[in-house]
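*Asks:* Dropping the structure in here first, questions after.
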Amino acid sequence: MLGPVILAASRSDRMRRLISAAPVTKQVVDRFIPGETVDQIVPIIRDLTDRGLELTMDVVGEDITTPEQAESARDAYLLLIDRLREMDLGTRAEMSVKLSMFGQALEGGHELALANVRPVVEAAAAIGTTVTLDAEDHTTLDSMFAIHEELRKDFPQTGCVIQAYLFRTEADARRLAASGSRVRLVKGAYKEPAEVAYQQKHEIDKAYVRILKVLMEGEGYPMIGSHDPRLISIAQELAHRAGRKLDEYEFQMLYGIRGDEHLRLAAEGHRMRVYTAYGTDWYGYFMRRLAEKPANLRFFARSMISKG
């Protein structure tokens, strides 16, 4: 019940100011966002990869309002790629990008976002790694998929994200699986109307399994974005039925959530990638993490009370 309320708060400037000012907030944010700068995040990358994990890096930020901010987002990723080049990790450290950061919502946004993200994809390919285009709310998806298709002409390993709670996603999955795309499947973390998305958890879970079966039986590379133990078990069974080897799919989970499970899956030989966000514009990302799972909200509430 609280999820939609929290998602609405993620767009509220008043709530942003209130939560940002709370003394306990930084302590809780650090659980999900382990740094604000590239220098702060490099030790995290080294630690996780030394433990057999892989990463997808996200420079947080979404609601930019000027072309100059979009260029700054591009440059932040290019700086990250420079540091990754020094670490020589290849695909063990890829990147996730939100096209809203690259100007998608501005005037001429589709062309602007493509122009800004292309240098990031090119630079990533030059150091032997890849980029995944994150999904945002349903109004942005046609543009995202078109940019994904355009980038794949020159960089076929460019990935994208699909969201199980949207009615359209099963059809999107069939198209992407047939084209051999890298696809991350998540449940979805934006407030979407009943006209376009399932609203009940059991409906979303059923859709997730249906879509995952399509991806496992297809020609692409499935990336299972879930912390749900039941869905993880189902994913392993579907991969086995489809005859997939351990390096023909991967699991992805968020930094700060179920760290022991990250290590368990990696120890079993699975590719386990940790979605690791950093940066100063953390508010929207943080609020969606609270909305996704009641345990995250309880953790935040307990911290607020204990520090009150």
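*Asks:* Sort ASP39, ASP134, ASP75 by accessible area with a 1.4 Å probe, largest first.
*Replies:* I get ASP39, ASP75, ASP134, largest accessible area first.
*Asks:* Taking only C-alpha pairs under 8 Å that are 6+ residues apart, what is the relative contact order of segment 79-235 in percent?
*Replies:* Contact order relative to length: 18 percent.
*Asks:* Give the long-range amide H neighbours of ASP228: residues separated by 5 or more places, or on another chain, with amide H under 5 Å away, using H modelled in the peptide plane at 1.01 Å from N.
*Replies:* For ASP228, no residues qualify.
*Asks:* Accessible area, 1.4 Å probe, largest first: how do HIS227, HIS110 sort?
*Replies:* HIS110, HIS227
*Asks:* What order do you get for 189-201, 154-166 when each peptide is scored by the mean count of other beta carbon atoms within 10 Å, highest first?
*Replies:* 154-166, 189-201
*Asks:* Under the definition of Cα pairs under 8 Å and six or more residues apart, what whole-number percent is the relative contact order of segment 178-229? Please report the intermediate quantities before stating the final value.
*Replies:* Working: 46 pairs, mean separation 32.7, N = 52.
Across segment 178-229, relative contact order equals 63 percent.
*Asks:* While we're looking at this one, here's another question. Express the Stokes-Einstein translational diffusion coefficient of segment 161-270 in µm² s⁻¹, to the nearest whole number, given a Kirkwood radius over alpha-carbon pairs, 4 °C and a viscosity of 1.567 mPa s.
*Replies:* For these conditions, the coefficient is 91 µm²/s.
*Asks:* Find the all-direction average of the projected area of the Cα convex hull for segment 24-165, expressing the result in square nanometres with one decimal place.
*Replies:* About 9.4 nm², averaged over all directions.
*Asks:* Rounded, prolate or oblate: which fits segment 194-250, taking a ≥ b ≥ c as square roots of the Cα gyration tensor eigenvalues, rounded meaning a/c under 1.5, else prolate when a/b beats b/c?
*Replies:* Details: a/c = 2.49, a/b = 1.82, b/c = 1.37.
In terms of gyration-tensor shape, prolate.
*Asks:* Further, regarding this structure: So what's segment 132-178 giving for Cα Rg divided by 2.2 N^0.38 Å, two decimals?
*Replies:* Values: Rg = 10.3 Å, N = 47, 2.2 N^0.38 = 9.5 Å.
Rg over 2.2 N^0.38 Å, computed on Cα atoms: 1.08.
*Asks:* Tally Lys and Arg at +1 and Asp and Glu at -1 over the other residues with C-beta under 12 Å from the C-beta of GLU219: what net charge comes out?
*Replies:* +2
*Asks:* Ignoring ligands, DNA and RNA, please state the percent of accessible area on segment 184-227 from carbon and sulfur, probe 1.4 Å.
*Replies:* Carbon with sulfur: 53 percent of the solvent-accessible area.
*Asks:* Quick one: which residues, 5 or more positions from ALA277 or on another chain, have an amide H under 5 Å from its amide H? H modelled 1.01 Å from N in the peptide plane, none for Pro or chain starts.
*Replies:* Distant-sequence amide H within range of ALA277: ASP58, TYR255.
*Asks:* Take each of the peptides 143-149, 87-93, average the number of other beta-carbon atoms within 10 Å over its residues, and list them starting from the highest.
*Replies:* 143-149, 87-93
*Asks:* Report the dimensions of segment 42-114 along its three principal axes from the alpha-carbon atoms, largest first, rounded to Å.
*Replies:* 44, 18, 17
*Asks:* Another question, then. Which of rounded, prolate or oblate describes segment 105-223 when judged by the alpha-carbon gyration tensor and an a/c cut-off of 1.5?
*Replies:* oblate
*Asks:* Would you mind checking LYS153/LYS213; LYS153/LYS187; LYS187/LYS213; LYS98/LYS187 for any pair whose Cα atoms are more than 24 angstrom apart? Walk me through the numbers on the way to the answer.
*Replies:* Values: LYS153/LYS213 26 Å; LYS153/LYS187 28 Å; LYS187/LYS213 14 Å; LYS98/LYS187 17 Å.
Flagged as over cut-off: LYS153/LYS213; LYS153/LYS187.
The values are calculated or read from the model by the stated rules, or taken from the named source; none is laboratory data. Since the structure is predicted, the reported quantities are computational estimates derived from the model, not experimental observations. With ideal geometry, Cβ positions are generated from the backbone for all residues, glycine too; neighbour counts draw on all protein chains shown. The area values use the complete protein model at the heavy-atom level, side chains included, leaving out ligands, DNA and RNA. Shrake-Rupley method; radii C 1.70, N 1.55, O 1.52, S 1.80 Å.
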